[in-house]
Structure formats: structure tokens, C-alpha cells
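Following: one structure in C-alpha cells, then a few remarks.
The values are calculated or read from the model by the stated rules, or taken from the named source; none is laboratory data. These figures come from a predicted structure and were not determined experimentally. A quick note on method: Cβ atoms are made from the backbone with ideal geometry, for glycine too, and the neighbour counts reach across all protein chains shown.
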Amino acid sequence: MTTTEHPGATAAPPVGTTVLQTVDVAVHYGGIKAVDGIDLTLESGRILGILGPNGSGKSTLLGAITRLVPLTRGRVLLDGGDYSRTPASRLAHRGIARTFQTVRLLPDLTVLENVQLGADLRLDRASRWRELVRRAVSAPVAEAIERTGVGDVLDLRPGELSYGTARRVEIARALAGRPRVLMLDEPTAGMNQPERIEVAALLRRLRDEGLTQLLVEHDVQMMVDTCDRLLAMNQGRHVAEGAPGDVVRDPTVQEAYLGKRWNRAADQ
Ligand SMILES: Nc1ncnc2c1ncn2[C@@H]1O[C@H](COP(=O)(O)OP(=O)(O)OP(=O)(O)O)[C@@H](O)[C@H]1O
């Protein structure tokens with residue numbers, strides 16, 4: 001595969017530096033307080049996990065942070081600067097990438113073309129045209145393909161992939177832009193256990209290389225094994241935050257939604 005250098009790559013700040021913050025973020029849909037006053041801090045080179053039962057507001061919060069969902073109240077800050085009014089389409093240029101709860105690959109493009117799209121988003125208009133003309137596979141695209149193990153399916157279209165593979169292609173697409181912040185909404189949903197373990201290991205490797213991540217996932221064991229910190233939500237509100245083991249042991253968290261089935265995670 002011919003590769004080219006990627007113009008958008010940026011160096012990561014020291015581990016633990018505040019990269020992104022939400023301040024009193026709320027998203028209300030009429031009387032439904034989907035998110036209601038969430039403060040969170042995303043630190044460089046760390047994984048923050050958001051845990052909560054169905055309907056607790058995790059995806060809406062991710063939507064608010066990625067500017068796809070309008071804020072009812074509060075602010076979102078990137079490197080200390082308010083981006084509450086920045087269009088979602090500009091966030092890729094600022095190094096923020098995300099995956100969605102449901103597969104959102106373009107059905108008429110091949111896997112390679114879908115992944116390439118993630119790199120193209122990071123380019124300005126002129127560079128995008130040059131890239132289209134040259135159409136070589138850039139180094140970040142090749143790297144994203146290699147890391148997510150989707151090299152064998154590059155010529156297939158999303159409809160021909162298993163659900164787990166399609167989800168890995170989405171992660172590849174997000175990585176292809178060489179983001180500095182990666183947000184993943186249930187990245188292992190629909191995957192079998194070996195695939196989940198592989199993805200968790202990939203996220204940890206990326207973290208160790210400095211990639212800041214926000215992870216929403218129902219697999220509590222994976223969250224405990226993968227995240228540096230957990231923030232637990234219920235009914236749009238923050239109910240606990242801290243080291244993963246402490247959060248899943250927290251009586252409020254246990255009572256609110258973890259229940260007995262998560263005791264294995266709490267015991268480790
Ligand atoms: N566009 C919308 N209009 C009205 N209500 C919405 C909308 N989007 C989400 N909600 C409601 O907001 C609440 C939070 O939903 P959200 O999808 O953010 O929760 P979640 O924690 O991500 O759930 P899950 O784990 O099932 O994905 C729910 O009550 C949901 O029905």
C-alpha cells in the first residue's frame with residue numbers, strides 16, 4: 001500500500017493536562033431532562049468512561065460534547081476555549097473524532113473509502129482536493145486499518161460485513177483523522193467476546209500512546225479494565241465519579257442501576 005504523510009497530526013500535551021471540559025451542561029427535550037447539569041473533565045492521555053443505565057443521558061451528553069445536540073444550558077470547553085457555538089463539522093479540524101451507537105458507515109463506499117473519509121474530514125478544502133486527485137492511501141489511514149485489523153475487508157461494502165467488523169471499521173475511520181480526542185459510543189456493542197477484548201486492548205494501547213478518550217459502554221467489566229476514571233449518570237445527572245473500582249462499588253451506583261450482576265467488576 002502506497003502511503004503519504006498526513007498534514008493534520010498534532011503532538012499530545014503532557015498526560016493529565018485538561019483537554020476538554022463540560023460546565024453545567026444540560027440538554028432538555030421539553031419536560032425530559034436528558035442531561036441535567038453535568039461537569040466533566042477529560043484529561044490528556046487518559047480514558048474517562050461514562051456509565052449509566054439505558055436512558056440515563058450518556059449518548060445525549062456525547063452529542064452535546066460533539067455539538068450534534070444543542071445545549072439547553074452550560075458550556076463546553078476545548079483547551080480552555082468555549083466551543084459551545086462551534087459547528088460539529090469544525091470539530092474534526094480541532095482533533096475530535098467520534099463513533100456512534102449505531103453503525104454509520106456510508107453503504108455505497110468500500111471499507112477503504114469509508115476509512116479514508118475519516119482522514120479527509122481533517123483536511124481543509126484545498127488539501128481535500130489534492131488528496132482526491134492523488135488518492136494514495138495516507139499513512140494514518142494505513143495505520144488505522146492495521147490497528148483495527150480490517151485490512152482483509154478493504155474492498156467490501158458495509159452491508160457485506162459482520163456487525164462487529166463494521167464497528168471496527170468505524171473505529172478505523174475515527175482513527176484515520178489522527179484525532180487527539182476520541183469519543184466512542186458503545187464501541188463493542190454487537191461484538192463477540194474475543195472482539196470486545198481486542199477492542200479494549202486497542203483502546204488501552206491508544207491511551208498509552210497519548211490518545212485522550214471518552215468511552216460510553218454498557219460492559220462494566222470492560223469499563224473497569226479499560227478506563228482511568230468513571231463518571232456514573234442516572235436520569236441525566238451525575239451520581240458518582242472516581243477510580244473505576246470505587247465507582248462500581250459505590251452504593252448509589254449499585255442501587256441505581258448496576259445491581260448484583262456487576263459484583264464481579266466491583267470485586268476486582
Ligand atoms: N431527540 C430526543 N427527543 C426527545 N427525547 C430524547 C431525544 N434523545 C434522547 N431523548 C431522551 O433522553 C433520555 C436520555 O437518552 P440517551 O439516549 O441519551 O440515554 P443513554 O444513556 O445513552 O441510553 P442508552 O444506554 O439506551 O443508549 C431518554 O429518556 C431518551 O428517551
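Listing for the model above:
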| item | result |
| --- | --- |
| Residue 82, sole failed condition from (1) closer than 25 Å to residue 37 by Cα; (2) surrounded by 15 or more Cβ atoms within 10 Å (Cβ to Cβ); (3) more than 16 Å from the ligand (Cβ to nearest atom) | (2) |
| Residue tally, condition part of a strand (DSSP E or B) and within 16 Å of the ligand (Cβ to nearest atom), over the stretch 38-57 | 6 |
| Candidate set: the stretch 85-115, residues that are closer than 16 Å to residue 176 by Cα and within 16 Å of the ligand (Cβ to nearest atom); chosen: the one surrounded by the most Cβ atoms within 10 Å (Cβ to Cβ) | 99 |
| Counted residues, the stretch 21-37 - those being on the phi > 0 side of the Ramachandran plot and within 12 Å of the ligand (Cβ to nearest atom) | 1 |
| Residue ranges of helices (runs of 4 or more DSSP H) in the stretch 157-265 with at least 2 members surrounded by 16 or more Cβ atoms within 10 Å (Cβ to Cβ) and without any contact (Cβ under 8 Å) to a residue 60 or more places away in the chain | 163-176, 193-208, 220-226 |
| Residues that are surrounded by 21 or more Cβ atoms within 10 Å (Cβ to Cβ) and either in a loop (DSSP other than H, G, I, E, B) or among the small types (Gly, Ala, Ser) (or both), drawn from the stretch 64-79 | 64 |
| Unmet criterion (only one of (1) within 15 Å of the ligand (Cβ to nearest atom); (2) more than 14 Å from the chain's Cα centre (by Cα); (3) touching a residue at least 12 places away in the same chain (Cβ under 8 Å)) for residue 15 | (1) |
| Filtered residue count, the stretch 146-156, keeping only those that are outside any loop (DSSP other than H, G, I, E, B) and either over 19 Å from residue 195 (Cα atoms) or in contact (Cβ under 8 Å) with a residue 40 or more places away in the chain (or both) | 3 |
| Among residues of the stretch 156-188, those that are touching a Phe, Trp or Tyr at 6+ places or on another chain (Cβ under 8 Å) and in the same structural domain as residue 42 (by the TED database), counted | 1 |
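Condition check ((1) closer than 12 Å to residue 47 by Cα; (2) within 16 Å of the ligand (Cβ to nearest atom)) across all residues:
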residue: 157; (1), (2): no, no
residue: 166; (1), (2): no, no
residue: 179; (1), (2): no, no
residue: 210; (1), (2): yes, no
residue: 214; (1), (2): yes, yes
residue: 218; (1), (2): no, yes
